[in-house]
Amino acid sequence: MDARFLGIAELTDTPSTAVVVDVMRAFTVAAWLFGRGAEKVVLAPSLDGALALKARHPEWLALKDGAPAAGFDAVNSPALLRSADLAGRTVVQKTTAGTVGALAVAGASTVLCAGFVVAEATARFLRDLGEQRVTFVVTGEEGRAEEDLACARYIARRAAGEEADPAGFLRRAGASRAAAELREGVREGSHPDDVALCLELDRFPFAMVAAREDSLMVLRPHPAPAA
Ligand SMILES: O=C(O)[C@H](CS(=O)(=O)O)OP(=O)(O)O
Ligand SMILES: [Mg+2]
């Protein structure tokens, strides 16, 4: 498999198959939303866009990164969402990196959103797809976020059918700037358990596929086929 690893600003063409990686924290959060029963996650282009969607659909939940804010129901923290009852709910998510990365490749034929919590299911999806050229969008720090790069490289190895010891990849992610900032409480809207939850390998059995539905980019879980 020919894998390339690009930051959002480095995307000069529309890839056929894109895996958008945001370990800390957007797509760990999205996986937890599905794990808690959410039906779909609508990826919003802006804070105002998220609030407009919520105004049109008052039953939807709006989630943003950073500090809590008026009009939003939740923040971008897996630990703060891990006990929420979200059965059948739609969540509108807007974050600094992850949702921006997914929207940047909205024209791709296949868009997966991923973190370590869905790594093997994502790799399995790619193996089943049989695509030879996969673009990994490394959403953090202009394509240099260690946690996203480590996760992307791990998924690429597994998608190519190679054995890969996850320990080194997880260690690299755990030593990232994002992990340090979360541990130190620098990032607002966080919980002390966020880093550990972001580094839980294969916590969930589904991949996450984003696709256009009407004018929206919508993320849904894609269960792994029976082995
Ligand atoms: O919520 C996050 O961890 C980040 C935003 S910030 O770096 O904390 O400001 O957003 P994400 O898009 O999930 O990387
Ligand atoms: Mg991030």
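Miscellaneous remarks
- Within segment 151-173, considering residues that are under 17 Å from the mean Cα position of the chain (by Cα) and within 15 Å of ligand 2 (Cβ to nearest atom), the one nearest to Val20 (Cα to Cα): Ala152
- In segment 149-165 there is no residue matching the filter, namely being modelled with pLDDT of 95 or more, more than 19 Å from Phe5 (Cα to Cα), of a type outside the set (Asp, Glu) and away from ligand 1 (no atom under 16 Å from the Cβ).
- Filter result (surrounded by 15 or more Cβ atoms within 10 Å (Cβ to Cβ) and either among the aliphatic types (A, V, I, L, M) or touching a helix residue (DSSP H, G or I) at 6+ places or on another chain (Cβ under 6 Å) (or both)) within segment 205-227: Phe206, Ala207, Met208, Val209, Ala210, Leu216, Met217, Val218, Leu219, Pro221, Ala224
- Of the residues making up segment 3-37, those that are polar (S, T, N, Q) and either away from ligand 1 (no atom under 16 Å from the Cβ) or over 25 Å from Arg183 (Cβ atoms) (or both) are Thr12, Thr14, Ser16, Thr17.
For (1) under 28 Å from Phe136 (Cβ atoms); (2) among the hydrophobic types (A, V, I, L, M, F, W, C); (3) in contact with an Asp or Glu (Cβ under 8 Å, 6 or more places away or on another chain), each residue gets a yes or a no:
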{"residue": "Asp13", "(1), (2), (3)": "yes, no, no"}
{"residue": "Phe27", "(1), (2), (3)": "yes, yes, no"}
{"residue": "Gly35", "(1), (2), (3)": "yes, no, no"}
{"residue": "Ser46", "(1), (2), (3)": "yes, no, no"}
{"residue": "Leu51", "(1), (2), (3)": "no, yes, no"}
{"residue": "Pro68", "(1), (2), (3)": "no, no, no"}
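- Residues (touching a helix residue (DSSP H, G or I) at 6+ places or on another chain (Cβ under 9 Å) and over 22 Å from Val41 (Cβ atoms)) located in segment 181-195: Arg183, Val186, Pro192
- Residue among Arg212, Arg187 that is modelled with pLDDT of 95 or more and either farther than 25 Å from Ala67 by Cβ or within 12 Å of ligand 2 (Cβ to nearest atom) (or both): Arg212
- Those strands (runs of 3 or more DSSP E) of segment 1-69 in which at least 3 residues are in contact (Cβ under 8 Å) with a residue 60 or more places away in the chain, considering only elements entirely within it, cover 2-6, 17-21, 40-43.
- Residue count for segment 70-90, restricted to those that are within 16 Å of ligand 1 (Cβ to nearest atom), crowded, with 18+ Cβ neighbours inside 10 Å and without any contact (Cβ under 8 Å) to a residue 60 or more places away in the chain: 3
- The single residue among Thr135, Thr99, Thr122 that is of a type in the set (Ser, Thr, Tyr), in contact (Cβ under 8 Å) with a residue 60 or more places away in the chain, more than 13 Å from ligand 1 (Cβ to nearest atom) and part of a helix (DSSP H, G or I) turns out to be Thr122.
- Qualifying positions in segment 105-134 - of a type in the set (S, T, N, Q) and surrounded by fewer than 24 Cβ atoms within 10 Å (Cβ to Cβ): Ser109, Thr110, Gln132
The values are calculated or read from the model by the stated rules, or taken from the named source; none is laboratory data. These numbers were taken from a predicted model, which means no experiment stands behind them. Neighbour counts run over all protein chains shown; Cβ positions are idealised from the backbone, glycine included.
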